[in-house]
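Heads up: the structure comes next, in structure tokens.
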Amino acid sequence: MHHINVGVTMGHTTKIRVNKIIESYYLSLGGDTQTITVVGDADDLIRIAATITEKFTPSVQIGDLAHKVIGWARSHGIVENSTPQAQALKLVSEVGELADNIIKGNTDGLIDDLGDCVVVLLILAEMHDLDLFRCLAAAYNEIKDRKGHMSTGGAWVKED
């Protein structure tokens, strides 16, 4: 298990060392170093440390799993011997299984199929020397300011 180390030093400064496992996420947010320095009184530092730990903990777990998936894909020759086209078709197949389980209301199948889709996306990103979390951050930055809502019929209605 990876941890974010939080320490308080003289002058009420705390340094939060961001682990390698979430470095790409941190860098995608504009960070250029593995240390974040926060200044404040003890209560501020405790609140900030708790907030950062809460927000980064899921990323650490997901990052660990992502690295395990890539390691598995490499050890089984998928990254080196498959093609992006074959993996794109695999993704379409997994999305078809996902749709089938949504229609059937099969939660266990839904869990498996969502995970399978993420596995294939991780492999595709690795094949293109991309980080999936960086791709996710880019997509979020593109949609975060969009105005609109989902209609009851399932169509996105843009607001000007």
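Nothing in this text is a laboratory measurement; each read-out follows from the coordinates by a stated rule. None of these values were measured; they are calculated from a predicted model. Heads up, the Cβs are rebuilt from the backbone with ideal geometry, glycines too, and the neighbour counts pull from every protein chain shown.
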**Message:** Can you compute the modelled spin-label distance between Leu136 and Glu97, with each label point 7 Å from Cα toward Cβ, in nm?
**Reply:** 2.1 nm
**Complete:** Listed by chain and number, the residues whose amide H is under 5 Å from that of Leu130, excluding neighbours fewer than 5 places away on the same chain and using placed H, are none
